[in-house]
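K.L.:
Dropping a structure here in structure tokens format, bear with me for questions.
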Amino acid sequence: MVENINTKRVAKRYYRKKNTLFSLLDKIKLWPSRTGRLHGLKTIELKGEIATLTTHCGETYSIRNSRNSRAARWLRNKFYSCTCSKCRIPDWKLEKYGQTFFSRAYGSFLKKSTREEYYAP
Ligand SMILES: [Zn+2]
């Protein structure tokens, strides 16, 4: 019998809502643009309070590290209408994201990182 890889279970993961936007982006590597398109992140470059995101399709965005911004909310709520065809986000990544949940009372604080600057304040 051939095993169907689509039925392979993806482990659920939980992150705290308190996590900063930069730390979530660093972990999830997906960016919900204002038009409702989900992009794959290639690089995140920090300049003080501002991060410059570069997507796989070559778009760049300058963002602030806010927990309550549109992007942070959309990322937590998995609010997007389509995925970017140029970014070619792999299925496993979307599956992993689909099994990622955000909770006020439960989950990882995402503090153990070598890129500490993402996690302040
Ligand atoms: Zn894209």
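K.L.:
Would you please name the residue that is nearest to the ligand (Cβ to nearest atom), looking only at residues in segment 13-31 that are surrounded by fewer than 21 Cβ atoms within 10 Å (Cβ to Cβ) and under 21 Å from Cys84 (Cβ atoms)?
P.N.:
Going through the qualifying residues, I end up with Lys29.
K.L.:
Conditions: (1) touching a residue at least 60 places away in the same chain (Cβ under 8 Å); (2) small (Gly, Ala, Ser); (3) in contact with a Lys or Arg (Cβ under 7 Å, 6 or more places away or on another chain). Ser23 meets all but one. Number of the miss?
P.N.:
Only one criterion is unmet by Ser23, namely (3).
K.L.:
Oh, and also: Take the conditions surrounded by fewer than 17 Cβ atoms within 10 Å (Cβ to Cβ), modelled with pLDDT of 95 or more and more than 10 Å from the ligand (Cβ to nearest atom) and apply them to Cys82. Does it pass?
P.N.:
Taking the combined requirement at face value, the residue satisfies it.
K.L.:
Please determine, by comparing only the residues of segment 72-110 that are in contact (Cβ under 8 Å) with a residue 24 or more places away in the chain and among the basic types (Lys, Arg), which one is farthest from Thr60 (Cα to Cα).
P.N.:
Top of the filtered list is Arg104.
K.L.:
Same structure again: Quick check, is Ser62 in contact with a helix residue (DSSP H, G or I) (Cβ under 7 Å, 6 or more places away or on another chain) and loosely packed, with under 14 Cβ neighbours inside 10 Å?
P.N.:
Spelling it out, it is not the case that Ser62 is in contact with a helix residue (DSSP H, G or I) (Cβ under 7 Å, 6 or more places away or on another chain) and loosely packed, with under 14 Cβ neighbours inside 10 Å.
K.L.:
When segment 45-70 is examined, which residues are found to be within 16 Å of the ligand (Cβ to nearest atom) and touching a residue at least 40 places away in the same chain (Cβ under 8 Å)?
P.N.:
Once the filter is applied, which keeps residues that are within 16 Å of the ligand (Cβ to nearest atom) and touching a residue at least 40 places away in the same chain (Cβ under 8 Å), segment 45-70 yields only Ile63.
The values are calculated or read from the model by the stated rules, or taken from the named source; none is laboratory data. Keep in mind it's a predicted model, so treat the numbers as computed, not measured. As a convention, Cβ positions derive from the backbone with ideal geometry for all residues, glycine included, and neighbour counts pool all protein chains shown.
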